[in-house]
Every structure is written in structure tokens, then in C-alpha cells.
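Participant: One structure coming up, written as C-alpha cells, with questions to follow.
No lab work stands behind these numbers, since they all come straight from the coordinates. On a predicted model such as this, the values are computed, not experimentally measured, just so you know. Here the Cβ is made from the backbone with ideal geometry for all residues, glycine too, and neighbour counts use every protein chain on show.
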Amino acid sequence: MAHTSSAIEVDRALTAEEVALVRWLLAHGEADNAAYLEQLKLARVRRLCPCGCASIDFSVAGKVPPRGGMNVRSDFQWRSAAGHLNGAFVFAQGGLLAGLDLWSIDGGETPDTLPPTNALVRYGSAQA
């Protein structure tokens, strides 16, 4: 499930489900994410991944995070209903909340829907 560099440009509010998932991921990350939780209130979706996964990139209060220097703030995995192992992480760039990435760990499917938070375990955990 390769990601390409030609993202789909949009400008929309995050859905309630996207907000809930990103909030949960930030609240359960290993680092102090209080500043990013505040930024989530001002975040909008600015890009969609063209591969068909549910990954999204953010702008915060009209500011676009700079490219490069990805800072992973929370990293989890889950098994889909079909039994495939997928990953979900929230990242920042240049001190701004930058996006939610959903990806296939086992290559078995493209995670095109958001995972339920009760299925998430820390990335690399034997429980998944």
C-alpha cells in the first residue's frame, strides 16, 4: 500500500470521528501532548492521501506545518475486522500538529476507515 507524493488538496473541518481518534491518540501518547491537544481545536484537514487510506494532513489556524522533521507524538496499531495488522500515528512538524497517518503493517489491506480506539495497542505490542 504505497503512498504517493501527489496528495489530494482539500480544506475542510475534521469529522467528529477524526477529532475523537486524534484526541485519543494524543491523550495516550508517551509524550506530553497538551499543546497539540489545544492545536487540535484549530485544526483543519488540508490534504488526503491518494492511496485510498484514511490518512489526513492538517493546517492549524491557517498555518501549514513545514515539510520534513516529522515528530511522532503517538504510535499505535490494531487488527482490522479481516485480521490485518495496521498502524496509526499522529505527528507534528515544526511545532504544529501535522497529521494522522494510517498504514498497513502487514501489507494485507489499505486502512481506509478509522480504527476504533478500543482496538488500539501501542505499536510493536505483542497484543495486536
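Participant: Please list, in order along the range 50-57, the HN-Hα scalar couplings obtained from phi with the Karplus expression 6.51 cos²θ - 1.76 cosθ + 1.60 (θ = phi - 60°), rounded to whole Hz, x for Gly and Pro.
Facilitator: x, 6, x, 6, 8, 5, 9, 10
Participant: Also, I was wondering about something else. Once every DSSP H run of n ≥ 4 in the chain is given -39500 (n - 2.57) and the sum is divided by its residues, what mean residue ellipticity at 222 nm do you get, rounded to the nearest 500 deg cm²/dmol? Let's see the in-between values first.
Facilitator: Details: 2 runs with 19 residues, N = 128.
Mean residue ellipticity at 222 nm (helix-derived): -4500 deg cm²/dmol.
Participant: Please rank Ile105, Ile56, fewest neighbouring Cβ atoms within 10 Å first, as an exposure proxy. Could you put the intermediate results ahead of the total?
Facilitator: On the way: Ile105 16, Ile56 25.
Placing the least packed residue first, the sequence is Ile105, Ile56.
Participant: Quick query: amide H of Gly99 versus all other amide H atoms, modeled in the peptide plane; which residues come in under 5 Å with a sequence gap of 5 or more or a different chain?
Facilitator: When sequence neighbours closer than 5 places are left aside, the close amide H contacts are Phe58, Phe91.
Participant: Output ³J(HN,Hα) for the range 14-23: one whole-Hz value per residue in order, computed from phi by the Karplus curve 6.51 cos²θ - 1.76 cosθ + 1.60 with θ = phi - 60°, and x for Gly and Pro.
Facilitator: Once θ is set to phi - 60°, the couplings for the range 14-23 become 5, 6, 4, 5, 5, 4, 4, 5, 5, 4 Hz.
Participant: Something else: Sequence-distant or interchain residues sharing an amide H contact under 5 Å with Arg47, placed H: which?
Facilitator: Val10, Asp57
Participant: How much net charge surrounds Asn86 when only other residues with a Cβ under 9 Å from its Cβ are counted (Lys, Arg +1; Asp, Glu -1)? Spell out each step's value before the answer.
Facilitator: Numbers: positive: Arg79; negative: Asp106, Glu109.
That works out to -1.
Participant: Also, quick follow-up: Mark the label point 7 Å from the Cα of Ala61 along Cα→Cβ and return the residues of the range 90-108 whose backbone N is within less than 16 Å of it.
Facilitator: Inside the label zone: 93-98.
Participant: Starting from the Cα of Ile8, step 7 Å toward the Cβ, then list every residue of the range 104-119 with an amide N under 13 Å from that point.
Facilitator: Once the point is set 7 Å along Cα→Cβ of Ile8, 112-113 turn out to lie under 13 Å by backbone N, inside the range 104-119.
Participant: Between Glu17 and Cys51, what is the spin-label point distance in nm, taking each point 7 Å from the Cα along the Cα→C-beta axis?
Facilitator: About 2.0 nm separates the two model spin labels.
Participant: Turning to a different aspect of this structure: Quick one: Cα centre-to-centre distance for the range 85-108 and the range 44-62, in angstrom?
Facilitator: Here the two parts' Cα centres lie 11 Å apart.
Participant: In the neighborhood of Phe58, defined by Cβ-to-Cβ distances under 9 Å, what is the net charge if each Lys or Arg adds +1 and each Asp or Glu adds -1? List each step's numbers first, then the result.
Facilitator: On the way: positive: Arg44, Arg46, Arg47; negative: Asp57.
Computed value for this residue: +2.
Participant: Could you tell me the ratio Rg/Rh of the chain? Both radii from Cα atoms, Rh via Kirkwood. Numbers along the way, then the final one.
Facilitator: Working: Rg = 13.7 Å, Rh = 14.6 Å.
Expressed as Rg/Rh, it is 0.94.
Participant: Could you go through the range 24-35 in sequence order and give the Karplus-derived ³J(HN,Hα) for each residue, using 6.51 cos²θ - 1.76 cosθ + 1.60 with θ = phi - 60°, rounded to whole Hz, and x for Gly and Pro?
Facilitator: 4, 4, 5, 5, 9, x, 7, 9, 6, 10, 4, 5
Participant: Another one. What is the dipole size for the range 6-101, taken about its Cα centre, with +1 at each Lys and Arg Cβ and -1 at each Asp and Glu Cβ, in debye to the nearest 20?
Facilitator: Charge dipole of the range 6-101: 180 debye, to the nearest 20.
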